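Written out below as structure tokens is the structure these notes cover.
The values are calculated or read from the model by the stated rules, or taken from the named source; none is laboratory data. On a predicted model such as this, the values are computed, not experimentally measured, just so you know. Every residue, glycine as well, gets a Cβ built from its backbone with ideal geometry; the counts of neighbours run over all protein chains shown.
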Amino acid sequence: MAISRRRLMRGLGIGALGVGALSACDQLPSRGRGRRQATTPPPTGVALGEPETPLVIASIGASHGRTAQWERAISLAVQEALTDVDARWDGLFGREVTGPERHVQETAGEDLAGVVADWQEQGVTAVVSSLDEEALVAAMPLFAEAGMVVIDVATAGMSVRDDAVQDAGLLFRLAPSTRAIAGLYAEEAWSGSSDRGGRPGTVAIVSEDTAQGHSLRDEMKLILDPMSGSIVLESFHEPGKLGDVGKLAGQIIKKKPALLVVHGGPESGALLSALQDATTDENGRSDLQLPVRLSPGGTVDQSEAGLVAEAMTRATGYEPGGDLTEVHVNMMLNADSTLQKSGYAYSQQAYDAVVILCLAAYQALSVEGTAIAAQVPVVLTGAEECEDYGTCRSALRDALIAGGTTTVSYQGRSGAIELGADRDARTGQLRTYSFTGTGALEAPSTTGFEIPA
């Protein structure tokens with residue numbers, strides 16, 4: 001029988017990160033301002049006001065739809081974060097942070113009422129979600145009625161923030177929204193042109209027919225239209241099925257936009273291959289130099305996809321989050337070595353979601369969902385900067401022991417994040433990827449995003 005990392009660490013009774021490659025992680029310097037701190041017991045007679053009830057965190061994802069591509073990485077990161085909190089840093093309020101087995105939605109439209117009711121009976125007050133927009137919109141009223149605070153790690157579409165969605169102020173999102181991404185794309189559409197490019201401010205968008213894809217289109221129109229820009233072509237398709245890529249390439253060439261946005265999955269490469277083939281003469285010279293922006297789903301290695309040469313060289317993809325640290329990569333690979341090929345997208349946010357919930361609970365000295373929700377923005381922008389749960393929790397606890405209080409600014413695996421008034425990420429980081437002539441991903445660079453306050 002396979003032994004989980006969590007069980008192994010409990011059995012060993014040590015604070016190591018794991019076995020194999022993880023043994024090297026303990027030799028790495030801490031990313032925070034201070035080193036990892038041991039838990040300091042309070043002096044005799046000091047009452048810290050810590051609740052006696054353990055925090056119970058549930059998690060939910062999907063094996064279908066847009067977010068299924070990252071289900072494995074997200075689910076592992078949630079489990080690894082719980083392992084670190086409990087086995088490495090002695091839990092929360094002197095107790096293990098527990099949770100039911102992750103629920104994976106297998107079909108669109110699954111009724112989650114029974115799942116949420118079961119979670120309530122088990123004492124769940126906090127949830128880490130990687131459902132897509134449609135599923136999250138349907139689930140939020142159930143979570144809100146149950147008083148569960150939810151940190152979503154994967155959605156970006158603004159339909160989740162529609163006034164009709166009853167979230168009771170309990171939903172927070174860590175990945176950049178379509179509003180943030182649309183701002184970056186619009187800036188690029190206006191940034192330059194050439195005799196082989198389109199008129200500045202013009203965009204063609206090819207997207208999966210999803211709530212997120214339509215939201216990206218809508219947000220771009222809100223930015224472009226008042227500045228005399230425009231979306232000159234929009235095409236929506238069933239996820240994973242682009243249809244006649246040659247015909248679509250011809251439509252894009254005819255419109256000649258300043259920027260092409262392809263919001264989809266690995267099939268995006270076939271469109272760019274058809275576009276390259278249609279615009280390159282017998283001497284290898286292209287008469288259309290069209291910059292392309294890809295969504296995280298399309299930011300994958302295409303070196304074995306049989307694309308024409310140079311098809312991907314004008315494309316730039318992205319994944320949410322800052323630099324992938326050696327500690328994070330080793331943690332993930334020790335859990336599943338196949339992630340070296342499939343990647344780590346959204347795993348940083350999943351890890352951070354668990355830590356943020358635990359820190360917010362400690363800041364609130366409560367495991368109630370509404371109390372935790374009130375402190376989620378606080379633990380991301382507080383007074384004392386720290387980069388792991390142990391250091392942050394020690395700062396909060398030491399202040400209580402001293403008879404005072406403090407706040408922390410958790411700068412986690414995803415990098416620094418600040419939430420806006422809508423409880424979405426207002427500022428944060430993302431990794432951008434270019435491609436080689438054969439379609440292989442190049443090493444990423446990190447950039448920031450910011451939505452004006």
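Look at (1) under 28 Å from residue 322 (Cα atoms); (2) without any contact (Cβ under 8 Å) to a residue 24 or more places away in the chain and you find that residue 226 fails only one, number (1). Looking at 269, 297, 343, 306, just one residue is under 19 Å from the mean Cα position of the chain (by Cα) and assigned by TED's automatic domain parsing to the domain that holds residue 232, and that residue is 297. Evaluating residue 242 against the criteria (1) modelled with pLDDT of 95 or more; (2) within 26 Å of residue 303 (Cβ to Cβ) leaves one unmet condition, (1).
When restricted to residues that are surrounded by fewer than 20 Cβ atoms within 10 Å (Cβ to Cβ) and in the same structural domain as residue 144 (by TED's automatic domain parsing), segment 168-188 contains 2.
Here residue 323 fulfils each of the conditions (1) among the acidic types (Asp, Glu); (2) surrounded by 19 or more Cβ atoms within 10 Å (Cβ to Cβ); (3) assigned to a loop (DSSP other than H, G, I, E, B) apart from (2). For the criterion of being under 21 Å from the mean Cα position of the chain (by Cα), more than 24 Å from residue 265 (Cβ to Cβ) and in the same structural domain as residue 361 (by TED's automatic domain parsing), residue 80 passes. Only residues that are closer than 22 Å to residue 53 by Cβ, part of a helix (DSSP H, G or I) and not hydrophobic (A, V, I, L, M, F, W, C) were counted in segment 109-124, giving 3. Close contacts from segment 362-385, counting a first residue that is under 15 Å from residue 148 (Cα atoms) and modelled with pLDDT of 95 or more and a second that is assigned to a loop (DSSP other than H, G, I, E, B) and of a type in the set (Lys, Arg), with Cβ to Cβ under 8 Å and a gap of 6+ residues or different chains, come to 376/423.
Can you tell me which residue among 438, 432, 405, 427 is at pLDDT below 95 and farther than 30 Å from residue 122 by Cβ?
Working: 438 fails: at pLDDT below 95; 432 fails: at pLDDT below 95; 427 fails: at pLDDT below 95.
From the options 438, 432, 405, 427, the qualifying one is 405.
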